[in-house]
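S.K.: Got a structure here, written out as structure tokens. Questions coming.
The numbers here are math on the coordinates, done by the rules we state, and not lab data. Here the structure is a predicted model, which is why all the values come from computation and not from measurement. For neighbour counting, all protein chains shown are included, and Cβ atoms are generated from backbone atoms with ideal geometry for every residue, glycine included.
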There are 2 protein chains.
Amino acid sequence: MNETINLMMNHASVRKYKEEMIPKETVEKIVYAAQHAASSNFVQAYSIIHVTDQALKEKLAELSGNKHVSTCGAFLLCCADFKRLAHAATMHDKELVADTMESLLVTTIDVTLLSQNIALAAESLGYGICYIGGVRNNPQQISQLVNLPDRVVPLFGMTIGVPDEEQLVKPRLPVSAVLHENTYDGEQYTQTLPAYDETMREYYKTRLTNQKDMTWTGSMADFLSVERRMYLQEVLEERGLLRKQ
Amino acid sequence: MNETINLMMNHASVRKYKEEMIPKETVEKIVYAAQHAASSNFVQAYSIIHVTDQALKEKLAELSGNKHVSTCGAFLLCCADFKRLAHAATMHDKELVADTMESLLVTTIDVTLLSQNIALAAESLGYGICYIGGVRNNPQQISQLVNLPDRVVPLFGMTIGVPDEEQLVKPRLPVSAVLHENTYDGEQYTQTLPAYDETMREYYKTRLTNQKDMTWTGSMADFLSVERRMYLQEVLEERGLLRKQ
């Protein structure tokens, strides 16, 4: 339809990169463009740590369980940030209230709007990217490594680099399963999900790497029937992003 | 730099639209393209309700405190959704665990990645957009109006339409205040924030509508020194997105 939409449609996570660092000026340009995403009441409650130190990248790769964190052209740590806003409040002798569920949603949404712009801006320049949720494996240790103050917490990371692999685009859920008109239609799932399973089984069987016999609902059922990262509530409380219960 | 980055740099929220509905097929194309955003472990934990019913749009405008919800060309309600995944789990005789802080972050991030793609896709087609956080003013009533089942919760909305106003792009924080190298730099705020305040004072004084004498830190200090939407934790618990404490 147009360049931007084509770019979106061609997204696939890239985990193998050429040994080519992304110049700092390019990362700055990408982040600055991305900052033009909307922000809830213009709070801009985010920070990005661009990790250029190789030893640090290797530690972060280990702590997040993703080897390509150490081999990518730029690793970005995407953080919820109310520290800057606490500073703003102090300038006006006010006390910041930013330890509620509302403020947590606001900062999470803000960081993510920014980050998806970063992803697309990077891809528009020919780079490949991969989000790193594994950052939430060790949020406290990672925070210490990059000296995050209180009120700042890493939510996820992003690797960016010159692609050294080709990946097929994964088929998404049919749009009819995601987009409802006026009223939520849950009845459809008895039909749409088995049909999507067939599409995904075919994809997993024939994709370029890591072929397997698997369905989407099957892998989701396995993955989501286990409690994960149960320490996160406490981490958010300790870092000052949520009030202690 | 390129079409996609130019598009990003020119984002400004649009609240006044021409009386021109967006065809359903166009909304479908936009959402389908947007679905190609990354998704944490490919859970795709989101749903979008496209509200086409005018009476419903008017009720939602009232409940979210945003008049342009009723006058836009398409209103989208952007929802966290684990209902579809609960269905998937049931298909395999498993029980879904999706009421933890981790799962809340996953779905919030997933919805937001999708939504920022929707925003950019819409803008790439010449439409204007505005995020509607006001949806969180009345999440339970809004959920009832569009028949959201348990495990689904509206996080924000988006108005899309043919712009009927021109808006200047708001100056963002300097990139140096947002992008840190290897270590978080909070010391800078004593300098960067007053400088940004001057930029914003000039912007607010000279922008096209709603001119005022205001700084960024001043408005943030006022806005963020008050508790907001304190019922959200309970709403998330009641709708099955968080375990009751």
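S.K.: Run down the aspartates and glutamates and flag those whose C-alpha is under 16 Å from the C-alpha of A:LYS244, throwing out any fewer than 8 positions away in its chain.
M.R.: The qualifying aspartates and glutamates are A:ASP99, A:GLU102, A:ASP150, A:GLU234, B:GLU227, B:GLU234.
S.K.: Please average, across the residues of A:14-22, the number of beta carbons from any other chain that are within 10 Å of each residue's own beta carbon, and give a whole number.
M.R.: Other-chain Cβ atoms within 10 Å of each residue's Cβ, averaged: 0.
S.K.: With charges only on Cβ, +1 for K and R and -1 for D and E, what is the dipole size of chain A about its Cα centre, in debye, rounded to 20?
M.R.: It comes to approximately 420 debye.
S.K.: Here is a follow-up. Cα centroid distance between the stretch B:1-40 and the stretch A:1-61, in Å?
M.R.: First find each Cα centre; the distance between them is then 20 Å.
S.K.: Going 7 Å from Cα along the Cα-Cβ axis for the label, what nanometre distances separate A:THR199 from the same residue across the other copies?
M.R.: Nearest to farthest, the other copies are at 4.2 nm.
S.K.: Taking only Cα atoms, what is the 0 to 90° angle, nearest 10, from helix A:54-64's long axis to the longest principal axis of chain A?
M.R.: Approximately 60 degrees, to the nearest ten.
S.K.: How large is ³J(HN,Hα) for each residue in the stretch B:10-27, as worked out from phi by the Karplus curve 6.51 cos²θ - 1.76 cosθ + 1.60 (θ = phi - 60°), to whole Hz, x for Gly and Pro?
M.R.: Each residue of the stretch B:10-27 in turn: 9, 5, 8, 5, 10, 10, 10, 10, 6, 6, 9, 6, 8, x, 3, 4, 5, 4 Hz.
S.K.: To continue, here is another question. Which one, A:GLY186, A:GLY157, A:GLY126, has the greatest fluctuation when you compute a Gaussian network model over chain A with C-alpha springs under 10 angstrom?
M.R.: Of A:GLY186, A:GLY157, A:GLY126, the Gaussian network model singles out A:GLY186 as fluctuating most.
S.K.: Let me ask you something else. Quick check on the stretch A:19-59: take the gyration tensor over C-alpha atoms, sort the square-rooted eigenvalues as a ≥ b ≥ c, and tell me if it's rounded (a/c under 1.5), prolate or oblate.
M.R.: Here the stretch A:19-59 falls in the oblate category.
S.K.: What percent does the relative contact order of chain A come to when contacts are Cα pairs within less than 8 Å and at least six residues apart?
M.R.: It rounds to 26 percent for chain A.
S.K.: Need one number for the stretch A:109-173: average projected area of the convex hull over its C-alpha atoms, nm².
M.R.: Result: 6.2 nm².
S.K.: Cα extents of the stretch B:175-222 along the three principal axes, largest first, in whole Å?
M.R.: 40, 20, 14
S.K.: Now, a different point. Would you look at the GNM of chain A, springs on alpha carbons closer than 10 Å, and say which of A:TYR127, A:TYR32, A:TYR17 moves the most?
M.R.: A:TYR32
S.K.: Let me ask something else about it. Taking chain A as the reference, fit the longest principal axis to its C-alpha atoms, fit the long axis of helix A:189-206 to the helix C-alpha atoms, and give the angle between the two in degrees, 0 to 90, nearest 10.
M.R.: Long axis of A:189-206 versus the principal axis of chain A: about 80 degrees.
S.K.: Diagonalise the Cα gyration tensor of the stretch B:1-134 and give the resulting equivalent ellipsoid semi-axes, square root of 5 times each eigenvalue, largest first, whole Å.
M.R.: Equivalent ellipsoid semi-axes, largest first: 28, 19, 13 Å.
S.K.: Amide H of A:VAL14: which non-local residues (sequence gap of 5 or more, or other chain) have their own amide H closer than 5 Å, using H built in the peptide plane?
M.R.: Excluding prolines and chain starts, which carry no amide H, the hits are A:ILE129, A:CYS130.
S.K.: Restricting to lysines 8 or more places apart or on different chains, can you count the pairs in the stretch A:3-167 with Cα atoms under 19 Å from each other?
M.R.: 9
S.K.: Can I ask one more? Over all directions, what mean area does the Cα convex hull of the protein assembly as shown project, stated in square nanometres?
M.R.: 20.9
S.K.: So what are the ³J(HN,Hα) numbers for the stretch B:111-124, from phi and the Karplus equation (6.51, -1.76, 1.60; θ = phi - 60°), rounded to whole Hz, Gly and Pro as x?
M.R.: For the stretch B:111-124, the Karplus curve yields 4, 6, 4, 4, 5, 5, 5, 4, 4, 5, 4, 4, 5, 5 Hz.
S.K.: Right, next: Taking the alpha-carbon centroid of each part, what is the distance from the stretch A:173-215 to the stretch B:156-201 in angstrom?
M.R.: Here the two parts' Cα centres lie 39 Å apart.
S.K.: Something else: Per 10 Å bin, what percent of the C-alpha pairs of the stretch A:103-245 does each bin hold, from zero upward?
M.R.: Percent of Cα pairs in each bin: 9, 25, 32, 27, 7.
S.K.: Further question on the same structure: Order of A:56-67, A:99-110 by packing, highest average Cβ count within 10 Å first?
M.R.: A:99-110, A:56-67
S.K.: Out of B:GLN188, B:GLN211, B:GLY161, whose Cα points farthest toward the positive end of the dipole of the stretch B:134-216 (charges: +1 Lys, Arg; -1 Asp, Glu; placed on Cβ)?
M.R.: Towards the positive end, the residue furthest out is B:GLY161.
S.K.: Using θ = phi - 60° and the Karplus form 6.51 cos²θ - 1.76 cosθ + 1.60, what ³J(HN,Hα) does each residue of the stretch A:97-106 get, whole Hz, x for Gly and Pro?
M.R.: Result, ordered by residue: 10, 8, 9, 10, 4, 4, 5, 5, 5, 4 Hz.
S.K.: Continuing with the same structure: What gaps in nm, shortest first, separate A:TYR231 from its twins in the other copies when you place the label 7 Å past Cα toward the beta carbon?
M.R.: Once sorted, the set of distances for A:TYR231 reads 3.6 nm.
S.K.: Taking the radius of gyration and the Kirkwood hydrodynamic radius from Cα positions alone, what is the Rg/Rh ratio for chain B, to two decimal places?
M.R.: So for chain B, dividing Rg by the Kirkwood Rh gives 0.99.
S.K.: Sticking with this structure for a sec: Give the average over all directions of the projected area of the C-alpha convex hull of the stretch A:203-245, one decimal, in nm².
M.R.: So the mean shadow area of the Cα hull is 5.0 nm².
S.K.: A further question on this structure: Would you list which aspartates and glutamates come within 20 Å of A:LYS205, measuring only between C-alpha atoms, while excluding same-chain residues fewer than 8 positions from it?
M.R.: A:GLU165, A:GLU166, A:ASP197, A:ASP213, A:ASP222
S.K.: Next up: GNM on chain A, C-alpha springs below 10 Å: top fluctuator among A:ALA12, A:ALA45, A:ALA74?
M.R.: Answer for the Gaussian network model of chain A: A:ALA12.
S.K.: Here is a further query. Hey, what number do you get for the protein assembly as shown at 222 nm if only DSSP H runs of n ≥ 4 count, each worth -39500 (n - 2.57), divided across all residues, to the nearest 500?
M.R.: -13000 deg cm²/dmol
S.K.: Next question, about the same structure. For A:PRO171, place a label point 7 Å out from Cα along the Cα→Cβ vector, do the same in each other copy, and report the separations in nm, one decimal, smallest first.
M.R.: The projected label point of A:PRO171 is separated from its counterparts by 5.1 nm.
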